[in-house]
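The values are calculated or read from the model by the stated rules, or taken from the named source; none is laboratory data. Note that this is a predicted model, so its numbers are computed, not measured. So basically every Cβ, Gly included, is an ideal-geometry build from the backbone, and we count neighbours across all protein chains shown.
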Amino acid sequence: MARRFAYFIAGWIIWLLLGWTLNYQEVVAGAAVALIAAGMFGGYLPLQPRKLLNPVRWFWLLVYIPVFAWQCLKANIDVALRVLSPGLNLKPGIVKIKTNLKSDIAKVFLANSITMTPGTLTVEIKDDTLYIHWIEIRSDDPEEMAKMIKGPFEFFLKKIFD
Amino acid sequence: MVPVIILVPAALFCLYRALVGPSIADRAIAVDMMGVVFSAITALVALQYKLSYLLDISIALAIISFVGALALAKFLEKRSLDD
Amino acid sequence: MISVLALIFLWLGVVFVLLGALGLARFPDLYNRMQAATKCVTLGVCGIMIGIFLRSGFNPLGIKALLAAVFILFTVPVSSHALVRGSLIAGVRLWKGTVRDDFTADRGAPSIIDNAGAGEEEK
């Protein structure tokens, strides 16, 4: 039930943001649509709503955003240089690393973050193993590989979601 | 308007990959990216003429290309391809 | 000040989208193309949307652009992940320079790394 309620609130807020008006018709229609959507899909929400009320998690989320943006920018400059260099210097391969995150949503965020960082693309998550396509393999040692790929993300995601 | 003109070659590169790309997944990712580039173009046109409803079209384009890519990925998983 | 920042975001976004699309046309195999496409195009389009938001401020146009940026940031990695996984399972060939492939090895399937000269040529 709490899941459905969280879903309802989130859907309603997004509806109101898209309309950007507080006309009563808009508000009522948004509530109706959000209610129907929450009734249909709210059960799938992969979060525990209790965790949403903890301000410490929100604080870490705010810290996480600039870290992520910086890594993302670095990734793009890296790929852009590769695209422009004539030889394309590639050394691709698919490697696997372990993660110690527990909840599904944290793993999904880790996978998305890895996809956005320099030269790595998540292929598959199986329990606690992540398969990653790496555009230039720079190490053969699993520990070192995991540290290079995950970067600072795992630390923050543990604070936010676990 | 200049950013829009620069984005057109980007869409053309995607179109080239969608026409040439050896496997179906190549074409799928090219079409997916083309959808995202078109949504950016639509957003820029919306900014130019101050038409906020064009942004709805932009969001819808992004959603459609996302759902299309997911459907194609499911299709690829179930059936192996020859080309 | 804000408008200068908006212009920086817009142009950064446009340049990254162009480079990403160039990478999509230029890289040798599906998986490397996917890298270029997802990273550059996602960040580029997000940059364009944030530029639009900064340019127009808190009105329907700006807020919708911001929502579109968030949406694209969440969905494009997911769709590329699904496509890569699907095409690995379907057996789309890896480029001949590929060093290792743990995913196919762990599935117990035969290697799908292209042997030299057989498949597509390097562009």
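Below are the figures for this structure:
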| quantity | calculated |
| --- | --- |
| Some residue of the range A:105-124 being over 22 Å from residue A:66 (Cα atoms) and either of a type in the set (Lys, Arg) or at the interface with chain C (Cβ under 8 Å from one of its Cβ atoms) (or both) | yes |
| Among (1) assigned to a helix (DSSP H, G or I); (2) within 7 Å of another protein chain (Cβ to nearest Cβ); (3) in contact (Cβ under 8 Å) with a residue 40 or more places away in the chain, the one test that residue C:97 misses | (1) |
| Lone qualifier among B:65, B:58, B:23 - being facing chain C (nearest Cβ under 7 Å) and in contact with an Asp or Glu (Cβ under 9 Å, 6 or more places away or on another chain) | B:23 |
| Number of positions in the range A:5-34 that are in a helix (DSSP H, G or I), surrounded by fewer than 16 Cβ atoms within 10 Å (Cβ to Cβ) and away from chain C (no Cβ under 12 Å) | 10 |
| Unmet requirement for residue B:6, which otherwise passes all of (1) outside any helix (DSSP H, G or I); (2) without any contact (Cβ under 8 Å) to a residue 12 or more places away in the chain | (1) |
| Condition broken by residue A:104, with the remaining ones in (1) more than 19 Å from residue C:95 (Cβ to Cβ); (2) acidic (Asp, Glu); (3) touching a strand residue (DSSP E or B) at 6+ places or on another chain (Cβ under 7 Å) satisfied | (3) |
| Qualifying residues in the range C:53-79 (those that are among the small types (Gly, Ala, Ser) and within 7 Å of another protein chain (Cβ to nearest Cβ)) - the one surrounded by the fewest Cβ atoms within 10 Å (Cβ to Cβ) | C:56 |
| Residue ID - nearest to the chain's Cα centre (by Cα), chosen from residues in the range A:139-157 that are over 12 Å from residue A:99 (Cα atoms) and among the charged types (D, E, K, R) | A:144 |
| Only listed residue being modelled with pLDDT of 90 or more and either within 17 Å of residue C:34 (Cα to Cα) or not β-branched (Val, Ile, Thr) (or both), chosen from B:72, B:54, B:15 | B:15 |
| Top-ranked residue of the range A:68-83 - restricted to ones that are over 19 Å from the mean Cα position of the chain (by Cα) and more than 7 Å from chain C (Cβ to nearest Cβ), ranked as surrounded by the most Cβ atoms within 10 Å (Cβ to Cβ) | A:82 |
| Segments classed as helices (runs of 4 or more DSSP H), wholly inside the range A:49-162, with at least 2 members that are closer than 28 Å to residue C:25 by Cβ and not assigned by TED's automatic domain parsing to the domain that holds residue A:8 | A:55-84, A:104-116 |
| Residue that is assigned to a helix (DSSP H, G or I), without any contact (Cβ under 8 Å) to a residue 24 or more places away in the chain, over 15 Å from residue A:123 (Cβ atoms) and not basic (Lys, Arg), where the choices are C:12, C:24, C:43 | C:24 |
